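No value in this document is a laboratory result; all are computed from the given coordinates. Keep in mind it's a predicted model, so treat the numbers as computed, not measured.
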Amino acid sequence: MRHIMLAGALVLGLSACNSDGEVEQADAAAQEYTASRYMQAVNDVARMDDREFDEMRKPGELLAFAQIDKGDVVGDFIMGGGYVTRLLAMAVGANGKVYAFQPEEFIAFRPEYADEQDAAVAPYADAEGNPVNVFPLRGPVAQPGWPEPLDTIITVMNFHDLYLSDFPEGTAQTAIASLYDALKPGGTLVVVDHLAVEGGGVDAANSEHRMDREMAMAALTDAGFVLEEESDLYSRPDDPRTANVFDEGIRGQTDQFAWRLRKPE
């Protein structure tokens, strides 16, 4: 497949450095989690339609914050339209795996989510349509059914959905526990979401599709996660945090938190 072959081309290019010094420099750069490290993933031709959103979504910086490595086994939890799935596909390389999870409840609410999942996975399949390194998953939102232990799980702008009143009481706690259990010891969970006003609670998740910071952190730490790093990558202080995130006046410009949490060894 063309997209997977590009990862091999990068490896060949590094091995063809003209001197030991150049190889050492390339190896050193590979250890640094910077946006430039992920330019191949950002420039993947399968992401052509995604690029109009890159200025606000900062794909290279997101992958660097998540510390994605070649060969990682990663879950995209509540994948939506597949923006993060396509980034991860090239970031983990041909020897890695991406499990792109679309909740059955989301598909029941909006059937297009099934089509978007299929479209996100298709570029990373072989000539017979068999997945190469990106695998679709569907199941209840609180029980994704990850088929193997994961190095990292990423969920972007969807964590608040676990608190929607459409779901049974306790869905958030069950889902968070399943994410914790799915990770390898020492694995990481990366959460990005729209910030609600302080104390917004469950009401903010339902009315504005925003996440109460303190409620989210309490739920995650109660499950056993430890906050490793917080980033201001998506900080937009001018957002009053009162508008629904889909309102045209604020859409794409919401103030968001970005956390990397670790499951202890």
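Per-residue ellipticity at 222 nm computed for the chain from its helices equals -10000 deg cm²/dmol, with DSSP H segments shorter than 4 residues left out and the rest contributing -39,500 (n - 2.57).
Within straight-line reach of K184, meaning a Cα separation under 19 Å, sit the following lysines at least 8 residues removed in sequence or on another chain: K70, K97, K263. For the stretch 90-115 versus the stretch 244-259, the spacing of their alpha-carbon centroids is 22 Å.
In the stretch 161-265, what % of DSSP beta bridges are antiparallel (nearest 5)? Mind dumping the intermediate values first?
Numbers: 12 of 13 bridges.
Here the share of antiparallel DSSP bridges comes out near 90 percent.
Close amide-amide hydrogen proximity is noted between G75 and Y99, T152, I153, I154, each under 5 Å apart and 5 or more residues distant or on a separate chain (H modeled in the peptide plane; Pro and chain starts excluded). Whole-Hz Karplus values for the stretch 68-74 come out as 7, 10, 4, x, 5, 10, 10 Hz, taken residue by residue from phi with 6.51 cos²θ - 1.76 cosθ + 1.60 and θ = phi - 60°; glycine and proline positions read x.
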